[in-house]
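Here's the structure we're looking at; comments come further down.
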Amino acid sequence: MLLDPTEPQPAMRRPAKRVVIVDDSRSIRSWLRHVLQQDKRLEVVGEAGDAETARKVIKETQPDVLTLDVQMPGMSGLVFLERLMTLHPMPVVMVSASTSSGSDTAIQALALGAVDCIVKPGQSVSKLSAKDIARRVYSAACSQYQPLLKRSALQRVAPLEAEEKDGAIVLIGASTGGVTALETVLETMATDGPPTVIVQHMPATFLISFAKLLDRKLPHDVGLVDDRVPLRRGQVRLAPEVGRQTELVRRNGLWQGHLRDDAERGAHCPSVDALFCSAAPYGHDVIAAILTGLGRDGTEGMRLLHRSGAHTIGQDADSSVVYGMPKAAWEAGAIVEQLPIENIGEAINSAVAAHHRRRSFVR
């Protein structure tokens with residue numbers, strides 16, 4: 001079982017997590033080494049500028065985590081990652097440029113099993129940003145490698161029929177490890193079920209690429225939440241990170257996304273708590289799931305949803321890359337059922353069907 005590495009642990013000296021840096025830029029390798037070595041929990045044990053050298057360094061040093069450049073000469077970071085995950089799986093953090101092409105490749109890497117992705121620095125990096133990068137690399141080093149599921153083994157549940165006002169909505173929150181987890185959940189969800197709104201912690205450019213990837217791979221209509229636009233059956237909408245929090249409102253019986261300015265400048269934008277809390281007044285029509293991720297975002301929102309009658313689901317420890325967010329919600333008593341990731345899509349379908357039966361009975 002993997003616990004959230006940022007939670008207080010018993011006082012004992014643990015060996016530093018061993019890191020290998022793979023990037024064709026010497027200056028980036030130097031910068032990243034400097035950033036990571038500020039965290040005493042990390043030790044940079046090797047560097048490589050290309051895939052061939054990386055293989056040798058990994059074999060010699062046996063690192064706990066690898067940082068990998070998305071775009072490298074010769075063998076690309078994506079091809080190298082795919083081979084690494086087949087022959088020598090380990091936690092990998094991708095290092096990407098903030099360009100559109102870099103973001104697209106980074107999302108493909110996350111779908112192949114990379115744990116996280118950080119953006120290459122611009123002119124300067126604040127101490128807070130550097131600390132966050134080190135924290136995320138350490139978190140990845142503590143993560144559980146999750147082999148990709150065989151997609152052909154997953155079965156789709158038949159879609160529900162008929163558009164209905166005052167109907168159900170599905171809300172999902174995820175962070176570290178969420179890309180593959182969300183794919184697994186969505187693949188088994190009904191293609192014409194209630195609208196689904198997702199908060200996935202990642203930079204804005206990556207969210208756009210992730211939405212496009214899901215739209216290509218899934219039969220659902222996938223995109224980003226639009227302000228004040230009604231949400232429809234079969235739609236999957238990701239909360240955009242544009243300095244505004246994604247919340248939900250109801251207008252004439254239909255769900256709508258509302259993008260609110262993030263005046264508080266909280267730790268997360270988009271925030272799982274912001275989304276979940278906004279739906280709490282309509283909890284009896286909500287099915288909410290919280291997936292793998294670092295920290296506690298979503299715990300308060302899930303607690304309010306649970307108290308207001310929502311059906312709440314959490315990912316279990318064994319299938320979580322980082323058992324932080326679902327652990328916090330579970331310990332707060334906010335989760336009705338805790339399940340392996342491959343069972344959560346089916347559980348959401350069952351909860352939606354139960355909601356439909358209840359409404360039909362009342363009517």
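The values are calculated or read from the model by the stated rules, or taken from the named source; none is laboratory data. Keep in mind that what you see is a predicted model, and the values were worked out from it rather than measured. Reconstructed Cβ throughout: ideal geometry from the backbone, glycine too, with neighbour counts over all protein chains shown. All accessible areas refer to the heavy atoms of the entire protein, side chains included, with ligands and DNA or RNA removed. Shrake-Rupley method; radii C 1.70, N 1.55, O 1.52, S 1.80 Å.
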>> Only one of Leu149, Leu112 is surrounded by 14 or more Cβ atoms within 10 Å (Cβ to Cβ), at pLDDT 85 or above and hydrophobic (A, V, I, L, M, F, W, C). Can you tell me which?
In response: Leu112
> Give me the pairs: first residue in region 44-66 and on the phi < 0 side of the Ramachandran plot, second residue among the aromatic types (Phe, Trp, Tyr), beta-carbon distance under 6 Å, and six or more apart or on different chains, which are they?
Replying inline: Ala51/Phe80
> Within region 304-336, can you find the residues that are open to solvent by 20 Å² or more (accessible area, probe 1.4 Å), assigned to a loop (DSSP other than H, G, I, E, B), farther than 26 Å from Arg359 by Cβ and out of contact with any Lys or Arg (no Cβ under 9 Å at 6 or more places or on another chain)?
Replying inline: Asp316, Asp318
> Of all the residues that make up region 31-60, how many are of a type in the set (A, V, I, L, M, F, W, C) and not in a helix (DSSP H, G or I)?
Replying inline: 4
>> Taking the conditions exactly as written (surrounded by fewer than 18 Cβ atoms within 10 Å (Cβ to Cβ) and at pLDDT below 90), does Gln9 satisfy them or not?
In response: yes
> of a type in the set (Gly, Ala, Ser), modelled with pLDDT under 90 and farther than 15 Å from Val115 by Cα - does that describe any residue in region 28-50?
Replying inline: no
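May I ask you to verify whether Arg359 is farther than 26 Å from Met202 by Cα and among the basic types (Lys, Arg)? Steps first, please.
Numbers: farther than 26 Å from Met202 by Cα: yes; among the basic types (Lys, Arg): yes.
Taking the combined requirement at face value, the residue satisfies it.
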> Any idea which residue in region 160-192 is modelled with the lowest pLDDT, counting only those that are at positive phi and open to solvent by 30 Å² or more (accessible area, probe 1.4 Å)?
Replying inline: Ala162
> Which ones in region 62-84 are in a helix (DSSP H, G or I) and open to solvent by less than 20 Å² (accessible area, probe 1.4 Å)?
Replying inline: Gly77, Phe80, Leu81, Leu84
>> As an exercise: evaluate Ser350 against (1) open to solvent by 10 Å² or more (accessible area, probe 1.4 Å); (2) among the hydroxyl-bearing types (Ser, Thr, Tyr); (3) in contact with a Ser or Thr (Cβ under 8 Å, 6 or more places away or on another chain) and give the number of the one condition it does not meet.
In response: (3)
>> Here is a check on your reading of the model: is Leu339 open to solvent by 10 Å² or more (accessible area, probe 1.4 Å), at pLDDT below 95 and not basic (Lys, Arg)?
In response: no
>> I need the strands (runs of 3 or more DSSP E) fully contained in region 222-303, keeping only those with at least 3 residues that are at pLDDT 95 or above, within 25 Å of Asn349 (Cβ to Cβ) and open to solvent by less than 10 Å² (accessible area, probe 1.4 Å).
In response: 286-290
> Do we find that Val93 is part of a strand (DSSP E or B) and modelled with pLDDT of 90 or more in this structure?
Replying inline: yes
